[in-house]
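Let me begin by presenting the structure, written as structure tokens, before commenting on it.
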Amino acid sequence: MNILVVDDEREIADVIELYLQSSEYNIYKFYHGKEALKCVESTPIDLALLDVMLPDMDGFEILRTIRQKHTFPVIMLTAKADAKDKITGLTLGADDYIPKPFNPMELVARVKAQLRRYTQYNDGAKNKGDVIDFAGLLLNRVSHECTYNERELTLTPLEFDILWLLCENRGKVISSEELFRQVWKEEYYKNSNNTVMVHIRHLREKMGGPTGKCDFIKTVWGVGYKVEE
């Protein structure tokens, strides 16, 4: 698998490269954003690790450009611990966020977790019955395709997981804690609710089209989210 690493701190980039290569990944390493974007257009990338602070453009701008055409997982790396930066990255379509300094083994584990989640939706061997079709929405877990009111939506793996879970349990309220545990496969912690809220908002914006408004996903205040039957 091909992993894009973009970080202007060469020592950090080298460490990431070393650990990921030991797990037999192909690494495309860059210290500038523009060079990295050229690589994305010419090389089939499976996952990207993006530093926020770069000399020519910030990681958010790279992420925004990637999400115009690609749905592969993106993990943001940053020395900033500001919650605002984390929310910005998640809103733009990041799948995970790792603050510096980090444990290289933990980074490798998160990379593997994101790749597992992503590849399961691109495995043509999955059952062709994995389709949800109702109320103008069509979700296909074989092809990872989503259309809503005859308009194709480009969803990240996490967004697809959230929508699938809500639709699979339509009529039922799913709490933020349950959503986080089932989609992220991690323990729920203090800021997890904000992470869920950001992804729900992003889904609504995509399903709402030009207006950005969509009533498909309902908020049940103080409880969670649901999709009507």
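Could you list, in sequence order, all residues of the range 153-172 that are assigned to a helix (DSSP H, G or I), among the aliphatic types (A, V, I, L, M) and in contact with a Cys (Cβ under 9 Å, 6 or more places away or on another chain)?
LEU163
Among the residues of the range 120-133, is any out of contact with any strand residue (DSSP E or B) (no Cβ under 7 Å at 6 or more places or on another chain), at pLDDT below 90 and of a type in the set (Phe, Trp, Tyr)?
yes
Okay, residues lined up against (1) part of a loop (DSSP other than H, G, I, E, B); (2) under 22 Å from THR147 (Cα atoms); (3) in contact with a Phe, Trp or Tyr (Cβ under 6 Å, 6 or more places away or on another chain); (4) of a type in the set (Ser, Thr, Tyr):
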| site | (1), (2), (3), (4) |
| --- | --- |
| GLU177 | no, no, yes, no |
| VAL183 | no, yes, no, no |
| TYR189 | yes, no, no, yes |
| HIS199 | no, yes, no, no |
| ARG204 | no, yes, no, no |
| ASP215 | yes, yes, no, no |
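Residues being loosely packed, with under 13 Cβ neighbours inside 10 Å and polar (S, T, N, Q): count how many of those fall in the range 198-229.
1
Quick check on the range 135-165: of everything there that is open to solvent by less than 20 Å² (accessible area, probe 1.4 Å) and among the aliphatic types (A, V, I, L, M), which residue is nearest to ILE75 (Cα to Cα)?
Ranking the qualifying residues of the range 135-165, first place goes to LEU158.
Of a type in the set (S, T, N, Q), open to solvent by 40 Å² or more (accessible area, probe 1.4 Å), in contact (Cβ under 8 Å) with a residue 60 or more places away in the chain and within 22 Å of VAL111 (Cα to Cα), is that true of THR195?
no
The values are calculated or read from the model by the stated rules, or taken from the named source; none is laboratory data. Given the structure is predicted, the values throughout are model-derived calculations rather than measurements. Methodologically, a virtual Cβ is constructed for each residue, glycine included, from the backbone with ideal geometry; neighbour enumeration extends over all protein chains shown. Heavy atoms of the whole protein, side chains included, go into the accessibility calculation; ligands, DNA and RNA do not. Shrake-Rupley method; radii C 1.70, N 1.55, O 1.52, S 1.80 Å.
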